[in-house]
Structure formats: C-alpha cells, structure tokens
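Shown next, in structure tokens, is the structure this report addresses.
The values are calculated or read from the model by the stated rules, or taken from the named source; none is laboratory data. These figures come from a predicted structure and were not determined experimentally. Backbone-built Cβ (ideal geometry, glycine too); neighbour counts: all protein chains shown. Protein only, heavy atoms only, side chains kept; ligands, DNA and RNA dropped before computing areas. Shrake-Rupley method; radii C 1.70, N 1.55, O 1.52, S 1.80 Å.
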Amino acid sequence: MHLLVKLSTTLRDHVPDYQPNPGLELSDIPEESTVAQVAAGLNIPAEEIKIVMINGRQCALEDVLRDGDRLALFPAVGGG
Amino acid sequence: MSRTRQDFCDFLAARFPWKAESVPQDDDSPLFAEDACLKAWAGQKDVPVPEAMIDLVQANVWPERFRQNLDVYTAKQMQLILGTHVAIAGLGGLGGHVTGLLARLGFCHFTLCDMDEFSQSNLNRQAFCTERTLGRSKAQVAAQAVSDIADYASVRTMRVCLDKDSIWEFVQGADIVFDCLDDIKTKMLLERTCAASAIAFVHGGVSYQEGLAFAARAERGLARLYGSTPPPKPPRQPVSVLAVAGTACMMVSLALELLFRKSEEKPGEGGGQLSRLYHLDCGEPELSSFELGKQEG
C-alpha cells in the first residue's frame, strides 16, 4: 500500500534527505502495517514519537494503517 | 443619540471644544476619541479608563488608538477584549510575543509570570529582549512594555517558578491563561489547574521552526496529547523566532475565538470545549489542524 508520512522537528533527523514538502511518499508497505512498524522501518525510535495523527485524527502507535493514509508523527513539542 | 454619547459630546464641547466641532451627530457613525479626552472623561466619571472605554464603545465612541480595530472587531467584541483578565505563564519566546499582541489588541488586565532574567541567548527570538534589557527581569520588562503601550493597563507581576504552591495565586482572577512555559510537566500542572476551575487555557509549544497550539475550557488537551506521564524536558530546545511569533499569533487567535464564542452562549450552555490542535511549520510554511483523541483513563 501507499502512504504519505510527515515528520516533525527532531524526528526528521532519523531519515536522511527528508524533504518536508511533500514528506515521505512510501510505496510497497505491507497491508495491515501498524504505525509502529512503519516508524521502525524508517529507523525512528518509537520512544521518541509522542503524537501520532492519521488523516488528521489523533491515533496510537499500534493502530493499523490503510492504503492512501496520511501519517504525521511528532516528538514532544514543549518549548516556550 | 444615546444618553452616553450625548453626555460625552456635551463633555467634549465643554472641555475640548475644538474636538467637538467635527463630531458625527448620529449613533451609527463612529466617533473616535483620543486618550486625553477619554482619560478626562474617566476622571470626571471617577471610573478606571478601561471601564470608561467599555461604556463608550457601547455608544459607538471608539478610542482613537483602536480606530483600526473597528470593523475587524464588533463593539461587543472590543468590550470583551477591554474587560478580560489574561494571565501569561512564561515570558520568553511565546510569552513575550503573546503579551505584546494582547496589549496591542486592547487587553488591559494582565498577570505576568516568569522567574528569569533576559540573557544573550534570548536575543534571537524573545520580543522584549534587547541589548538594553539584558540581565533584567522578564516579568518587569514585559510589564513596562505593556505600560508603554497602554499606561492605563493593570499589570500584576510574579517572579516565581510555577509549582503546585504558587499556581493558584497565578491563575487567581484570570479569565484566560496562556501556557507559554518551556517544560511539559509544568504545562500539564497549569492545564489541570485551569480545567479544575473552568478557566480558559491556551497552549503553545515550539521547537525548531514548528509550533503547536490549542485552546480549551474544562478540557485537557495536553493529557490527550501526552498521556499521564509528561515527557522530560530535553537538554536543548532550539527554536526560531518565526516559530514563536507564528505560534503566538495562533494562540491569541484561538483565545479570541474562545472568548467571543463564550459571550454568545446561552445560560446552561458551554460545557467543556477543546479546539483542534494547530500545527504551524514556518520552514515551509504550512498550517495543519488535527482532531485530538480521547483522554486516557
């Protein structure tokens, strides 16, 4: 299946040559993959991911992705 | 002509006759009054300047300083701005910009809290940090900045680290609290405190070129975002002035939306409210919004 993955701030450091626009366009992702599995495939440590959004709605690392999903991953964003 | 407007026009004719010559005679046409007239009027009425402004705006008499707010905000919205008490926790990147925006908009009841002094590493992004203010208390400098914009504003300053002992004093009297702090543990304490008292809470968080913001009343968005265990404060939090200025604008916009919506609620309405989570990436630039999930437990 195909996914669009957007990464925020420090999570981008784990993916060489990440381009914020358009983000990562992934293909050939196995059906029924979870967010955690996709993140692991990108070498992003799960403990650094604090916020998961799928198609604009907050979800969890263990949630299953569907073809065409837009996934956004955030670390903690706590600066003031 | 309304009674208040007639009284004010009579006052102008007596005290400022050169101003009274060009006064529109019908209530539908706005009359703009300069500070000297407003302050003299408030003095005669023996009321604080903001209270006098609230009465006069009702009669379509606008302070000259808010001429450009007219038609952006209604008279009722301007009255709400003038009468609302805002409390800003943290006066660094976000807090400085938020405070400046609120003062420009017309807010004039402030509680400002920060225990730090300005240092050189603040110069890249903090609104009130200049070479002249290095080493000075952020709270005192921010209070002076508000006074420089509106000398009739009432400003309470606190130079403390917010914790469970000081937080109730900080939120006392506040209608809207702005979370401009820099660690999530204290942000969550502030959110819990506001939610318990149904005080409007506006969150902002920044990192690198990005910012997050939401507004809530009697709801806890941070608890939904981060669960029950706040993530630790990182040793370093790089951030650009674009992220803090842009996120500060989002925070104030969300606060106004909450304030104006509350004024339209009927008695018995207005339970918990939680906006969408807004994400601004100033590196692109790109603005997105998300629906927050349910709170754990």
Taking the conditions exactly as written (modelled with pLDDT under 95, surrounded by fewer than 19 Cβ atoms within 10 Å (Cβ to Cβ) and over 20 Å from the mean Cα position of the chain (by Cα)), does B:Lys266 satisfy them or not?
yes
Of the numbered conditions (1) at negative phi; (2) without any contact (Cβ under 8 Å) to a residue 40 or more places away in the chain; (3) over 18 Å from the mean Cα position of the chain (by Cα), B:Arg5 fails exactly one; give the number of that condition.
(2)
Out of region B:85-94, which residues are more than 7 Å from chain A (Cβ to nearest Cβ) and open to solvent by less than 10 Å² (accessible area, probe 1.4 Å)?
B:Val86, B:Ala87, B:Ile88, B:Ala89, B:Leu91
With respect to B:Leu112, determine if the residue is closer than 22 Å to B:Thr186 by Cα and either of a type outside the set (Asp, Glu) or out of contact with any Lys or Arg (no Cβ under 7 Å at 6 or more places or on another chain) (or both).
yes
Total residues in region B:184-195, condition among the basic types (Lys, Arg) and either in a loop (DSSP other than H, G, I, E, B) or open to solvent by 10 Å² or more (accessible area, probe 1.4 Å) (or both):
2
Taking the residues in region B:160-183 that are within 14 Å of chain A (Cβ to nearest Cβ) and open to solvent by 10 Å² or more (accessible area, probe 1.4 Å) as candidates, determine which candidate is nearest to B:Ala255 (Cα to Cα).
B:Leu181
Residue under question is B:Pro232, and the condition is that it be within 10 Å of another protein chain (Cβ to nearest Cβ) and in a loop (DSSP other than H, G, I, E, B); does it hold?
yes
Checked against (1) open to solvent by 50 Å² or more (accessible area, probe 1.4 Å); (2) not assigned by TED's automatic domain parsing to the domain that holds B:Pro30, B:Phe118 satisfies every condition except (1)
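Yes or no, residue by residue, for (1) within 30 Å of B:Phe128 (Cβ to Cβ); (2) within 14 Å of another protein chain (Cβ to nearest Cβ); (3) of a type in the set (Gly, Ala, Ser):
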{"position": "B:Cys9", "(1), (2), (3)": "no, no, no"}
{"position": "B:Asp27", "(1), (2), (3)": "no, no, no"}
{"position": "B:Arg65", "(1), (2), (3)": "yes, no, no"}
{"position": "B:Lys76", "(1), (2), (3)": "no, no, no"}
{"position": "B:Gly100", "(1), (2), (3)": "yes, no, yes"}
Out of (1) more than 21 Å from B:Glu284 (Cβ to Cβ); (2) open to solvent by 40 Å² or more (accessible area, probe 1.4 Å); (3) free of Cβ contacts under 8 Å to residues at least 40 places away in the same chain, what's the single condition that is false for A:Gly68?
(3)
Which listed residue, of B:Ala213, B:Ala198, B:Ala223, B:Ala245, is outside any loop (DSSP other than H, G, I, E, B), more than 8 Å from chain A (Cβ to nearest Cβ), open to solvent by 20 Å² or more (accessible area, probe 1.4 Å) and of a type in the set (Gly, Ala, Ser)
B:Ala245
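Table: residues versus (1) open to solvent by less than 60 Å² (accessible area, probe 1.4 Å); (2) in a helix (DSSP H, G or I); (3) more than 10 Å from chain A (Cβ to nearest Cβ); (4) within 16 Å of B:Leu277 (Cβ to Cβ).
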position: B:Glu131; (1), (2), (3), (4): no, no, yes, no
position: B:Ala145; (1), (2), (3), (4): yes, yes, yes, no
position: B:Asp151; (1), (2), (3), (4): no, no, yes, no
position: B:Val202; (1), (2), (3), (4): yes, no, yes, yes
Here, helices (runs of 4 or more DSSP H) confined to region B:1-76 with at least 3 residues that are under 26 Å from B:Ser263 (Cα atoms) are B:3-15, B:49-58
Count, please, the residues in region A:1-54 that happen to be modelled with pLDDT of 95 or more, in a loop (DSSP other than H, G, I, E, B) and open to solvent by less than 50 Å² (accessible area, probe 1.4 Å).
11
Looking at region B:276-293, can you tell me whether even one residue there is more than 14 Å from chain A (Cβ to nearest Cβ) and open to solvent by less than 20 Å² (accessible area, probe 1.4 Å)?
no
Which condition number in (1) in a strand (DSSP E or B); (2) touching a helix residue (DSSP H, G or I) at 6+ places or on another chain (Cβ under 7 Å) is the one that A:Leu61 fails?
(1)
